[in-house]
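Every number here is computed from the coordinates shown, using simple stated rules; none is lab data. What you see is a predicted model, and the numbers here were worked out from it, not measured in a lab. As a convention, Cβ positions derive from the backbone with ideal geometry for all residues, glycine included, and neighbour counts pool all protein chains shown.
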């Protein structure tokens, strides 16, 4: 009974609903070859990206590139914003990154550089408010609110490091995002100690792992977006 409820839920809610709809289209339009093959292909693609084994396969090369360092010497902790809602609430990625930075600050006493802007309420300002509420001294927090993407994160944080004479920083961001972030920060000439957090992989599978889930699809899309972004960064190096 429990599995039946899970199965029906996965079938009647996105992305399972999309898969079902595409399969129904392919069935009723099976005489139209283009429509049939397109519908089946899209259904298979959505299903594959929505199950945990495929999601983990996509994430593993990204998340396994850097391990959590046991010890390090640095001048500051840099946290990259991962988005927020218009209500002023941090999204999951941002919250996990911030929590990791808070733990590191409590352990080391290093200042925290919060990087992330937005049109209305910047991620960095929201994160700062939370840190202050959690007991972090305002004097230990530096905010950078102009950046709109990872490339600008790196550029504006470099300015802060130059102004404050920071020679080395701990770079905290989601594990899937870290390879691109490290590449861009090093491109700016910064010495960084990668500190991954917010791991998306599970690697513990059962029958439910084969049911399509929207959260899994979302993580798969994040991984694919990172591959596209990394390719765009590397492509100029490969072109003559």
Report summary line: Per its Cα gyration tensor (rounded if a/c is under 1.5, else prolate when a/b beats b/c, else oblate), the range 1-50 is best filed as prolate
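Any chance you could run the full-extension gain for residue 21 through residue 86? It's 0.36 nm times the residue separation minus the Cα-Cα distance, nm to one decimal.
Values: separation 65, 0.36 × 65 = 23.40 nm, distance 3.24 nm.
Result: 20.2 nm gained on full extension.
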Query raised in the report: When Rg and Dmax of the Cα atoms in Å is calculated directly from the model, which label among (i) 24.0, 90; (ii) 18.1, 58; (iii) 21.1, 69 fits?
Result: (iii)
Requested in this report: Measure off 7 Å from each Cα along the Cα-to-Cβ vector at residue 214 and residue 139, then give the distance between these two points in nanometres to one decimal.
Outcome: 4.7 nm
Query raised in the report: Percent antiparallel among DSSP beta bridges with both residues in the range 31-144, to the nearest 5?
Result: 10 percent
Requested in this report: Using just the helices of the chain, give the 222 nm mean residue ellipticity in deg cm²/dmol: DSSP H runs with n ≥ 4 each add -39,500 (n - 2.57), and the total is spread over all residues, rounded to 500.
Outcome: -18000 deg cm²/dmol
Query - GNM flexibility winner over the chain from 20, 207, 230 (Cα, springs under 10 Å) - result: 207
Report task. Indicate, rounded to the nearest 5 percent, the antiparallel portion of the DSSP beta bridges found entirely in the chain. Result -> 5 percent
Report task. Pop the C-beta distance of residue 7 and residue 75 into the FRET formula with R0 = 41 Å and round what comes out to the nearest 0.05. Result -> 0.20
Report task. Between residue 120 and residue 183, take the C-beta separation as r, use R0 = 45 Å, and let me know the FRET efficiency to the nearest 0.05. Result -> 0.95
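What percent antiparallel are the DSSP beta bridges of the range 76-197, to the nearest 5?
Taking every DSSP beta bridge with both residues in the range 76-197, the antiparallel ones total about 5 percent.
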Query raised in the report: How far is the Cα center of the range 196-240 from the Cα center of the range 7-59, in Å?
Result: 19 Å
Query raised in the report: Considering the chain as a Gaussian network with a 10 Å cut-off on Cα pairs, which listed residue, 49, 59, 134, attains the greatest mean-square fluctuation?
Result: 134
**Report entry** Three-way shape label, the range 48-143, alpha-carbon gyration tensor, a/c 1.5
**Finding:** oblate
Query raised in the report: How high is the FRET efficiency from residue 168 to residue 199, r the C-beta distance, R0 25 Å, rounded to 0.05?
Result: 0.55
Report summary line: Largest fluctuation, 199, 28, 185 only, Gaussian network model of the chain with Cα springs under 10 angstrom, belongs to 28
Query raised in the report: Where a ≥ b ≥ c are the square roots of the eigenvalues of the C-alpha gyration tensor, would you call the range 76-197 rounded, which needs a/c under 1.5, or, failing that, prolate if a/b is larger than b/c, or oblate?
Result: rounded
Query raised in the report: Normalised by the number of residues in the chain, what is the relative contact order in percent for Cα pairs under 8 Å and 6+ residues apart?
Result: 26 percent
